[in-house]
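Shown below is the structure under consideration.
Values in this text are rule-based calculations from the coordinates and carry no lab data. Please read all numbers here as calculations on a predicted model, not as lab measurements. Here the Cβ positions follow ideal geometry from the backbone for every residue, glycine too, while neighbour counts run over all protein chains shown.
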Amino acid sequence: RRLLFCPTLQLHETFAASEYDRRCDPNATCQRLTPALAMHIKQELNEFKLTEMAVHIESR
């Protein structure tokens, strides 16, 4: 593999801190994720995949 950097500098405008709040949402699941909650989410997702999720016949 090879890594190359683009020689052209590109600048893009964005919102100022006063216009766009970049702080993390303290109520987001990732902020309160415990090993038990992670396991529960994993089990729920696996159950959904096994029983409800539509899967292409060639992917089974």
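What is the dipole size for the chain, taken about its Cα centre, with +1 at each Lys and Arg Cβ and -1 at each Asp and Glu Cβ, in debye to the nearest 20? The partial results should precede the final answer.
Working: 8 positive and 8 negative charges, 82 e Å.
Dipole of the chain, to the nearest 20 debye: 400 debye.
Which whole-number value in Å³ per residue fits the convex hull of the alpha carbons of the chain? Each step should come with its number before you reach the end.
On the way: hull volume 16.8 nm³, N = 60.
Per residue, the Cα convex hull of the chain comes to 280 Å³.
Which ³J(HN,Hα) values, rounded to whole Hz and listed in residue order, are derived for segment 14-19 from phi using the Karplus coefficients 6.51, -1.76 and 1.60 in 6.51 cos²θ - 1.76 cosθ + 1.60 with θ = phi - 60°, glycine and proline given as x?
Couplings: 9, 7, 6, 4, 6, 9 Hz.
In whole Hz and in residue order, list the ³J(HN,Hα) couplings for segment 47-54 that follow from phi through the Karplus curve 6.51 cos²θ - 1.76 cosθ + 1.60, θ = phi - 60°; x for Gly and Pro.
With the stated coefficients, segment 47-54 comes to 4, 4, 4, 6, 10, 10, 6, 6 Hz.
With θ taken as phi - 60° and the coefficients 6.51, -1.76 and 1.60, list the Karplus ³J(HN,Hα) couplings across segment 21-29 in order, rounded to whole Hz; mark glycine and proline as x.
Per residue, the Karplus-derived 3J(HN,Hα) values read 7, 9, 5, 6, 6, x, 8, 5, 4 Hz.
Next question. What nm value, rounded to one decimal, do you get for the distance between Gln31 and Ser18 when each label is placed 7 Å out toward the C-beta?
2.5
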